[in-house]
Amino acid sequence: ADDGSLVQWLHRVVPDGSWTLQEYVKHPLLYRGRKFDLRVWAAISSIQPLRIYMLTKAFPKISSRRYDPSVDVVGEHCLAKAECACMHVRMPGGENCGGIELLPNPSPPHTATTLFQRGLGFGPNFVGRGEPGEQYKIWDKFVLPQIQRILATVVLLAREEPLRLHKELLNQGAFYRRVLLLSPDFIVDEAGKVFLEEVNTNGFLVGDDELFKGQQDTVDLMRLLGADGWPMKNLYMQQLSALVDRFCEEQGYDEHDMRLVRPALLDGLHEEVAAYPTSWLRIFPSQLNFDHEELMDQDESFSTDLDAVVFDFLRWRVTRLRDLSLASVESAEKTWIQKNAKLQ
């Protein structure tokens with residue numbers, strides 16, 4: 001339809017008011033012939049410096065009806081027809097959509113399963129098609145990084161006001177930790193491109209139900225956030241403190257700087273340790289690479305001074321640990337040579 005027809009349709013169908021329009025995904029990725037979107041769990045553990053964690057397995061909300069984009073099914077008012085509404089937007093158990101017995105059986109509990117990945121119907125233009133031996137890694141390689149990048153970008157774009165409120169609370173003496181739980185919904189097209197649908201806040205403390213099992217992941221997140229005080233920290237605190245102190249010393253921070261920098265770095269390290277045996281991953285700043293630096297290049301206002309300190313520490317830590325590893329290897333080689341020299 002041309003622009004004029006679209007405007008006429010909007011005036012005729014859409015009620016007066018303020019609305020947000022988003023692109024309709026015409027060729028969605030299907031799971032065994034059914035449309036689905038993804039409920040993703042994330043948490044902002046700190047707004048200054050910014051730290052974002054995401055659960056690496058998403059929950060697929062699969063339609064109770066097989067996908068059919070024909071005009072006969074969609075019609076003019078999709079939400080007025082159960083067949084169309086249940087195919088596109090309503091979860092099983094929603095109004096006139098039936099129960100979970102209408103879902104594919106078995107239904108995947110999350111995206112990090114072979115069951116889920118084998119059922120995906122990527123189209124001919126999928127970016128990862130044709131790579132030998134990669135068919136069960138394509139989700140982690142092509143889709144998950146897009147979700148992480150989009151989520152981090154959205155939080156950065158929306159950060160200004162929460163950051164202002166954070167500073168205001170600190171000035172009032174509110175030094176307790178503040179966290180935000182996020183439940184964004186994403187959809188993927190058949191070419192593997194990810195689209196953000198919406199961001200729900202504080203919407204995922206749901207435990208276990210017939211479709212999804214999230215209780216343990218919720219418990220893991222609470223521990224990551226320090227709800228139990230990181231009880232294992234005494235086992236590693238001495239090493240972490242020494243690492244942070246060495247960094248601060250090499251950077252030339254004075255006593256005032258140390259009071260700001262040290263707690264921020266140590267809290268991040270405690271979270272890293274707590275997240276290690278779980279499915280939670282820090283996506284900002286990136287825990288496995290330096291992708292956050294590329295995001296910062298998009299807009300100078302994204303980064304605060306404390307963010308920059310954390311970025312410097314992460315770079316320094318990689319170099320420092322590499323140097324220590326090399327020193328350990330050299331020491332071992334030297335010991336081996338000395339022992340063999342005595343034997344000879």
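The values are calculated or read from the model by the stated rules, or taken from the named source; none is laboratory data. Computed from a predicted model, the values in this text were never measured in an experiment. Cβ atoms come from the backbone with ideal geometry, glycine included; neighbour counts cover every protein chain shown. Ligands, DNA and RNA are stripped out before the accessible areas are found, and what is left, the full protein with its side chains, is counted by its heavy atoms. Shrake-Rupley method; radii C 1.70, N 1.55, O 1.52, S 1.80 Å.
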With contacts defined as alpha carbon pairs under 8 Å and 6 or more residues apart, what's the relative contact order of the chain in percent? 20
Compare Thr278, Thr20, Thr304 in a GNM of the chain, Cα atoms joined below 10 Å, and give the one with the largest fluctuation. Thr20
Taking the Cα-to-Cβ direction at Leu260 and at Leu163 and moving 7 Å from each Cα, how far apart do the two end points lie in nm? 1.3
Local net charge near Gly119, Cβ-Cβ under 10 Å (Lys/Arg +1, Asp/Glu -1): +3
If you take every residue apart from Leu269 with its C-beta less than 14 Å away from the C-beta of Leu269, what net charge results, scoring Lys and Arg +1 and Asp and Glu -1? +3
If amide H atoms are modeled at 1.01 Å from N in the peptide plane, then the residues at a separation of 5 or more from Phe284, or on another chain, having amide H under 5 Å from its own are Ile52
With +1 assigned to the C-beta of every Lys and Arg and -1 to the C-beta of every Asp and Glu, and no other charges, what is the dipole magnitude of the chain about the Cα centre in debye, to the nearest 20? 1220
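What FRET efficiency comes out for the pair Tyr236/Trp19, r = Cβ-Cβ distance, R0 = 51 Å, nearest 0.05?
For R0 = 51 Å, the calculated efficiency reads 0.50.
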Choose one answer from Gly98, Gly214, Gly173: the residue with the largest mean-square fluctuation in a GNM of the chain with alpha-carbon springs under 10 Å. Gly173
In the chain, taking the dipole from +1 charges on Lys and Arg beta carbons and -1 charges on Asp and Glu beta carbons about the Cα centre, the listed residue (Ile44, Leu235, Ala152) farthest towards the positive end is Leu235
Using a Förster distance of 45 angstrom, determine the FRET efficiency expected from the C-beta separation of Gln251 and Lys26, and round it to 0.05. 0.30
For region 6-54 the trypsin sites (Lys or Arg not before Pro) that pass both the DSSP coil test and the at-most-10 other-Cβ-within-10 Å test are Lys26
If I model a spin label as a point 7 Å beyond the Cα along the Cα-Cβ vector, how far apart are those points for Thr201 and Leu115 in nm? 3.5
Dipole axis of the chain (+1 Lys, Arg; -1 Asp, Glu on Cβ), positive-most option in Gln215, Leu225, Phe186: Gln215
Give me the percent of accessible area attributable to carbon and sulfur for region 137-288, probe 1.4 angstrom. 55
Can you name the helices of the chain, as whole DSSP H runs, whose Cα span along the helix axis is 27 Å or more and whose Kyte-Doolittle mean is not below -0.5? 255-275, 305-343
Per-residue [θ]222 nm for the chain (sum of -39500 (n - 2.57) over DSSP H runs n ≥ 4, rounded to 500): -13500 deg cm²/dmol
Longer than 18 Å from Cα to Cα, which of Lys141/Lys193; Lys193/Lys213; Lys35/Lys137 are they? Say none if no pair is. Lys193/Lys213; Lys35/Lys137
Just to confirm my numbers, what's the Cα centroid distance between region 225-259 and region 3-58 in Å? 40
Can you pull the one-decimal nm distance between simple spin-label points at Glu101 and Lys141, each 7 Å off the Cα toward Cβ? 4.1
Out of (i) 20.8, 66; (ii) 24.8, 95; (iii) 22.7, 71, which label holds the value of Rg and Dmax of the Cα atoms in Å that was computed here? (ii)
Surrounding net charge for Lys26, when Lys and Arg each add one and Asp and Glu each subtract one, Cβ distance under 10 Å: -3
